[in-house]
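Please read the structure below before turning to the comments.
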Amino acid sequence: MARDRTRVRRHPERGHYGRAAVEAVLDSGVVAHVAFVDAGQPYCVPMLHARSGDVLYIHGSSASRTIRLLGTGIPACVTVTAIDGLVLARSAFEHSANYRSVMLLGRFARVEAPDDRVAAFQAFTNKLVPGRWEEVRVPNAKELKATAILALVIEEAAVKIRTGPPSDDDSPDAARDTWAGVLPMALQLGDPEPAPGLRDGIPLAPSVRALLRRGELSTSDANAELR
Ligand SMILES: Cc1cc2nc3c(=O)[nH]c(=O)nc-3n(C[C@H](O)[C@H](O)[C@H](O)COP(=O)(O)OP(=O)(O)OC[C@H]3O[C@@H](n4cnc5c(N)ncnc54)[C@H](O)[C@@H]3O)c2cc1C
């Protein structure tokens with residue numbers, strides 16, 4: 001999926017270009033940073049996202065500057081990043097992070113077909129909590145109208161992954177008494193906080209229970225293979 005401008009040049013051994021790698025890192029992140037240029041000024045906007053097949057969806061108010069501009073098909077860059085650990089070396093210079101990140105280049109287009117728009121809503125909802133769509137009221141015509149949905153076909157992408165310990169084990173710095181190693185990091189779900197207006201006797205949603213049982217935010221088998 002890489003073209004020249006998405007080929008990883010710094011640490012090329014950390015670059016991956018297969019569809020499975022791209023989809024795994026996209027699916028593992030809740031927040032996408034969506035970048036574009038408006039009147040010569042780059043902006044980078046954090047947004048929710050969802051993937052269905054080879055399409056990445058974003059959505060927002062039709063009145064939003066970001067949505068309005070991206071919907072015209074201007075060039076866009078999307079990144080999703082997961083941080084897996086702090087890499088602590090003996091020297092300040094060798095400090096780093098273990099991460100998985102993906103960068104997509106392309107252009108968004110507005111999703112207009114009613115069925116596709118509902119499918120995108122479903123993807124957004126189930127991306128947050130798998131199975132949630134089946135538990136909630138689906139969007140009505142007014143809600144669908146107020147929301148613009150944009151789709152980017154995933155064609156040009158690169159994944160970059162760093163894993164492992166600090167890289168100064170074999171350097172003269174290893175003679176120092178400074179602790180070195182990796183401090184693993186992960187996003188963690190907390191205890192559910194019921195809405196103040198939740199009526200008595202309503203149990204925790206099955207989708208939320210299932211997510212808590214798995215103990216992890218959205219991930220996939222392919223993602224585990226990449227680590
Ligand atoms: C985790 C997360 C998820 C989000 N998900 C969505 C989503 O799915 N859909 C959606 O439409 N919006 C989402 N937002 C809000 C989004 O980041 C933008 O604020 C929103 O899209 C409006 O964009 P705009 O260009 O129209 O804003 P404008 O109000 O026109 O932006 C004007 C200026 O306000 C500042 N600004 C705007 N947004 C932010 C921000 N998030 N943080 C700091 N400064 C900002 C910038 O300086 C920007 O140039 C999300 C935000 C976060 C943090």
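The values are calculated or read from the model by the stated rules, or taken from the named source; none is laboratory data. Only a predicted model underlies this, so the values are computations on that prediction, with no experimental measurement involved. Methodologically, a virtual Cβ is constructed for each residue, glycine included, from the backbone with ideal geometry; neighbour enumeration extends over all protein chains shown.
Can you tell me how many residues in region 29-43 are of a type outside the set (Gly, Ala, Ser), touching a strand residue (DSSP E or B) at 6+ places or on another chain (Cβ under 9 Å) and in contact (Cβ under 8 Å) with a residue 24 or more places away in the chain?
Qualifying residue count, region 29-43: 6.
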Selection from region 119-144 of residues that are within 16 Å of Ser61 (Cα to Cα), assigned to a helix (DSSP H, G or I) and not aromatic (Phe, Trp, Tyr): Ala120, Ala141, Lys142, Glu143, Leu144
Where Gln188 falls short, out of the listed (1) loosely packed, with under 10 Cβ neighbours inside 10 Å; (2) modelled with pLDDT of 95 or more: (2)
In region 98-117, the residues that are more than 24 Å from Phe36 (Cα to Cα) and surrounded by fewer than 16 Cβ atoms within 10 Å (Cβ to Cβ): Ala113, Pro114, Asp115, Asp116
Some residue of region 62-75 being surrounded by fewer than 16 Cβ atoms within 10 Å (Cβ to Cβ), assigned to a strand (DSSP E or B) and either touching a residue at least 60 places away in the same chain (Cβ under 8 Å) or among the β-branched types (Val, Ile, Thr) (or both): no
Any hit, region 34-44, residues being assigned to a loop (DSSP other than H, G, I, E, B), under 17 Å from the mean Cα position of the chain (by Cα), within 16 Å of the ligand (Cβ to nearest atom) and not aromatic (Phe, Trp, Tyr): no
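Being of a type in the set (A, V, I, L, M), on the phi < 0 side of the Ramachandran plot and near the ligand (Cβ under 10 Å from one of its atoms) is true for just one of Leu26, Leu56, Leu48. Which residue is that?
When all the criteria are applied, what remains is Leu48.
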Arg90 surrounded by 14 or more Cβ atoms within 10 Å (Cβ to Cβ), assigned to a loop (DSSP other than H, G, I, E, B), at negative phi and away from the ligand (no atom under 14 Å from the Cβ): yes
Residue count, region 11-33 (criterion: of a type outside the set (Gly, Ala, Ser) and not in a helix (DSSP H, G or I)): 6
